[in-house]
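Let me begin by presenting the structure, written as structure tokens, before commenting on it.
Every number in this text was worked out from the coordinates using simple rules, so none of it is lab data. No experiment lies behind these values; they were computed from the predicted model shown. Counting neighbours? That spans all protein chains shown, and the Cβs are built from the backbone with ideal geometry, glycine included.
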Amino acid sequence: MPAESLRWDTLDALKNSPKGKIIYKTYWAQDGEDILSECNAPPSLSPLAGVFLKGLSARPVQKTCSLGSPSRDSSPGQSEDVLVPSSAPTSPRLLAPAPLNSPPPPSSTEVEEEEQNTQDQEMDREPSPELNSAPSPTPPPTISLLSPRATQMAGCIRVCEEKHRAKAKAELSARQEQQERLVEAVASRESEQLKRFEEYMELKQRQDYQSVRDMMDKETQESLGRQEKLKEEHRHRMKIQNLRLREAEQQRLREAELERQRQVEGRERLRALNAIQEEVLQLNQQLEPSALSQATPAHDLASYSMRGNQLCSQVSEVVRTTAEGRFPSMEDMAVADRALQDMRALVRAMQLEAAQAQEKRRKEEEEEKERRKQAELQAQLEEQKKSAALSAKEKARKKGLQTKAEESTLKWYQELQGSANQCALSFDDLNNTKDQQSKRLKMELQKAASIPISQISRTSGSKLREIFDKIDKLLSGRSVQSGGKSISASQHPHGLSFVSYKLAEKFVKQGEEEVASHHEAAFPIAVVASGVWDLHPKVGDLILAHLHKKCPYSVPYYPPMKDGTSVEDYQRILGYRVDDSGVEAQDSFLKRMSGMIRLYAAIIQLRWPYNKQGPAPHGLNNGWRWLAQMLNMEPLADVTATLLFDFLEVCGHALMKQYQGQFWKLILLIKEEYFPRIEAVTSTGQMGSVMRLKQFLESSLRRKEIPPPKGQLSSSFWRT
């Protein structure tokens, strides 16, 4: 740097001068002495300078030198009188002699700083060489008062100052050039920044213009979109309007067609009504007493004639309403048709009564003829009948009760089994394994019939009603959902027969398995079975057929062992399960029989609560019949006691309320006469069921009350 070279130059100039012979002590700084204070002070003359100058002026001048070149005298005594050349100007600071009491000369660092400050001040005072090229005036020659050595040092210092001044001018010129370059760079940068700013402003202007243009385009597009949307809505409205107009036109055409059909049907009904009236009038003429045989009394047929006139009046009333310009309605036709049917039935009844009266009269005449012939034999026949009745009673008393069902009961049993077998044969084509479609339809129908019955429980009445509605829809040929599919029994000609058969079979199987394990399950299953039986009597007959086949004691019927029948087959007929492992245990057999009897006893006393019109499909009279026929047959060991107890425990309360005194007579008969027969045929190891029956009978007779069965459905159950 310039300061670095200036420093060393100054040190070189001062090295041999008296000022370079300075003394520096380290403790001066510690003592607080400022050794550089005098160096920084401006130059001044000592108070003794006047004495010194007087001494110099009193001394004679030994040698005069020219102003151009100083003389060189080797005399050491004259070194102080050497003159300084006029061409070398002397600094005022160097011309002044140092005072006698001046402080030590400053250090080289202080001298360097002082010279640097002096140079800066001179550079500030002096104009630039480029700006002021005029030479400065030459100072006048001065007379040196210093010694040659001092003059030499002063000259060196002067040269050094000149060198430093030139160097300062060069540095100033360099700094001015650098400043100019800096100004040019700043101006260039500012110009570039101005250009960038102008470009940025142009960019912002273009962006604003583009955004405005985009916004205008967007608004234009939105406006076009709204216009298109309005056009589309208009087209949609026009389309809807056209559809409505078309539908209105079609509705008008349908109404016109319906009106035409109504007119045609009305005229047809009117013709049918006229035909009915004509037939009724013709049938009414047959009810006149003159049209009958003379053998029939007129007073016996007066009621028929009166009823015929009433029916004619009903038909005439219907015809009179149609004469006012309107056609007869379906209700009018139903009234007229019912009147015609009643008239036909009335004529048939009258003819039948007339024929019966004539036949009776003929028989009376024949009997009158025969009465005289048999008058003598009548007494003998009466005596024979009395003796035969007495002998039959005596024989029955000695022989005991019967071992087989009555003829009417056996006939009823065979008819039910025959209808069940015929139903099974009707859907035999569904069992065809080669037809995959029939096989798949059979499986889906079987699932649709079995799954709802398996879901019957005591959860809630609404759940039972939902199950019942599903079964009713299936039996009515409507579509039901089963396994995520829609299935209908009408998809096959014999689908309804198959569904009815499988439903009845499933009901009995639920009694055989579910009721046998949980006695309270008999009531929800029975109430659904009773409701299905009421709406679909065919299913009820199939339920009885399956029940009689699996539990013949529900008839009651003790199947006899025929010739050629094996023991295993006969046990199957009696209701036992026979497989490869042998015959099932007696406890399992009695448990299944008990479940089916309990289900039967629940069915005969329950009705579907939402359909109570008409008599019950299989009411309590069948329970009374079963109980009476059971008591007319010889008891079976372990079976009779179990079934009687189960039946009375489930159905005894309902029978008591229905038959009252007659029921208690029957219970007393069981206790006093029939129970000893049960004990007689029961072995010691089979007394459990006998003791249960005995305790039930004794408790019922003692309290004159049979409690309601456990699990019976209450009215609150159907509100859930």
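Counting only other residues whose beta carbon sits under 11 Å from that of K195, what net charge do I get with K and R as +1, D and E as -1?
-3
Using modelled backbone amide H atoms (1.01 Å from N, in-plane), which distant-in-sequence or interchain residues come within less than 5 Å of S482's amide H?
Here the answer is I487, since their amide H atoms fall under 5 Å of that of S482.
Would you kindly derive the ³J(HN,Hα) couplings of the stretch 202-210 from the backbone phi angles with the Karplus curve 6.51 cos²θ - 1.76 cosθ + 1.60 (θ = phi - 60°), listing them in order in whole Hz, with x for Gly and Pro?
These are the phi-based 3J(HN,Hα) values: 5, 4, 4, 5, 5, 5, 4, 4, 5 Hz.
Between rounded, prolate and oblate, where does the stretch 418-468 land on the alpha carbon gyration tensor, with a ≥ b ≥ c its root eigenvalues, rounded for a/c under 1.5, else prolate if a/b exceeds b/c?
Oblate, because a/c is 1.5 or more while a/b does not exceed b/c.
Let me make sure I get this right: for the stretch 643-720, a, b and c are the square roots of the gyration tensor eigenvalues over alpha carbons, sorted descending. Under 1.5 in a/c it's rounded, otherwise prolate if a/b > b/c, else oblate. Which is it?
oblate
Separation of the stretch 222-246 and the stretch 548-624 by C-alpha centroid, Å?
So the separation of the two Cα centres works out to 74 Å.
Quick one: what are the phi-derived ³J(HN,Hα) couplings along the stretch 459-474, Karplus 6.51/-1.76/1.60 with θ = phi - 60°, whole Hz, x for glycine and proline?
Each residue's phi maps through the Karplus curve to give 5, 6, x, 5, 5, 5, 5, 5, 5, 4, 4, 5, 5, 5, 4, 5 Hz.
Taking the Cα centre of each part, how many Å lie between the stretch 466-491 and the stretch 636-658?
So the separation of the two Cα centres works out to 36 Å.
Given a cut-off of under 8 Å on Cα pairs at least six residues apart, what relative contact order in percent is computed for the stretch 462-584?
Relative contact order, the stretch 462-584: 17 percent.
How far is the Cα center of the stretch 671-717 from the Cα center of the stretch 438-452, in Å?
If we compute the Cα centre of each part, the gap is 41 Å.
With respect to the cross-link table entries K439/K470; K549/K657; K612/K665; K447/K473; K549/K612, which display a Cα-Cα separation exceeding 19 Å?
Long pairs (Cα-Cα over 19 Å): K439/K470; K549/K657; K612/K665; K549/K612.
Give a residue-ordered list of calculated ³J(HN,Hα) values for the stretch 334-339 (Karplus: 6.51 cos²θ - 1.76 cosθ + 1.60, θ = phi - 60°; whole Hz; x for Gly, Pro).
Those phi angles translate into 5, 5, 5, 5, 5, 5 Hz.
What is the packing order of peptides 653-662, 602-611, taking the mean over residues of other C-beta atoms within 10 Å and listing the highest first?
602-611, 653-662
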